[in-house]
Amino acid sequence: MSNTIQSIKEAYLNAYAEQKKVEESIKKEAEKAHAASLRYQKLSAKKMGEYHKLSSKSYRSVTLHWTDALVLPILREVDKRTGLNFYEMTKERGMACFGLRAECPVFAINENNETIASLVFTPGPDGAVYIDSGETTGDYQPGSIGDMNGFGNVVEEVTSIEVIIENLCRRCPELAESIRKHQ
C-alpha cells in the first residue's frame with residue numbers, strides 16, 4: 001500500500017508543480033497586460049488632458065458674451081446721443097449678469113461720480129435685447145423667486161436707440177431736458 005500512497009502523492013506533487021507553472025505563466029502574462037494598460041492609461045490621461053486644455057481654450061477664444069457684443073455697443077451709442085456716461089463707467093468697472101434672467105444692470109454717473117441713471121438689460125432669443133421699463137406686472141409675490149429674479153418686470157425690446165432714450169426720459173424726468181438738448 002505504501003507504493004500506492006507514494007504514487008498518489010507523486011501524482012499530486014507533479015500536478016501541483018504543473019499547476020504552479022501554469023499559474024506563473026498566467027501571472028506573467030497578467031503583469032504584462034497590466035503594464036501595457038498602465039502605459040495606455042497614462043497615454044489616455046495625457047490625451048484627455050490635451051483634449052480638456054484645447055476644449056477650454058477653444059471655448060474661451062470663441063465664446064462671445066452678449067454683454068460685450070450687444071450691450072457695450074448700445075451703451076456707446078446711448079452715450080453719444082444723450083451725453084450720459086454709461087459706456088465709460090461700464091468699461092471701467094465691468095458688467096455682471098445676475099439671476100435667472102441674466103439681467104445686466106448698468107449705471108450712468110455724473111462728474112461727482114454719483115449714479116444718475118440706470119438701465120437693466122436682459123438677453124432674448126436670436127440676439128434680441130430687452131430693457132426693464134421700471135414697471136412691474138404684479139404677477140409675483142414680493143420676495144418670491146420670480147420677484148427676486150425680476151420675472152415680474154415689464155420689459156421693452158431694444159429695437160432702436162430711441163427706445164432706450166424714451167425709457168430714460170420716462171424713468172428719469174429730471175434728465176429728460178438735458179437728454180433732449182444733447183440730441
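Just so you know, all these numbers are worked out from the coordinates, no wet-lab data involved. Note that this is a predicted model, so its numbers are computed, not measured.
Once a ≥ b ≥ c are taken as the square roots of the eigenvalues of the Cα gyration tensor of the stretch 1-94, is the result rounded (a/c under 1.5), prolate (a/b larger than b/c) or oblate (a/b not larger than b/c)? Verdict is prolate for the stretch 1-94.
Against the set (i) 36.1, 126; (ii) 15.9, 48; (iii) 18.5, 64, the structure's computed Rg and Dmax of the Cα atoms in Å falls on (i). Taking amide H as placed 1.01 Å from N in the peptide plane, Y130 has its amide H under 5 Å from the amide H of T122, G124, V158, each at least 5 places away in sequence or on another chain. Between helix 2-62 and the chain there is an angle of about 20 degrees, using the helix long axis and the longest principal axis of the Cα atoms. Against the chain, whose longest principal axis is taken from its Cα atoms, helix 173-182 shows a tilt of about 80°. For the chain, the relative contact order comes to 14 percent (Cα pairs under 8 Å, sequence separation of at least 6).
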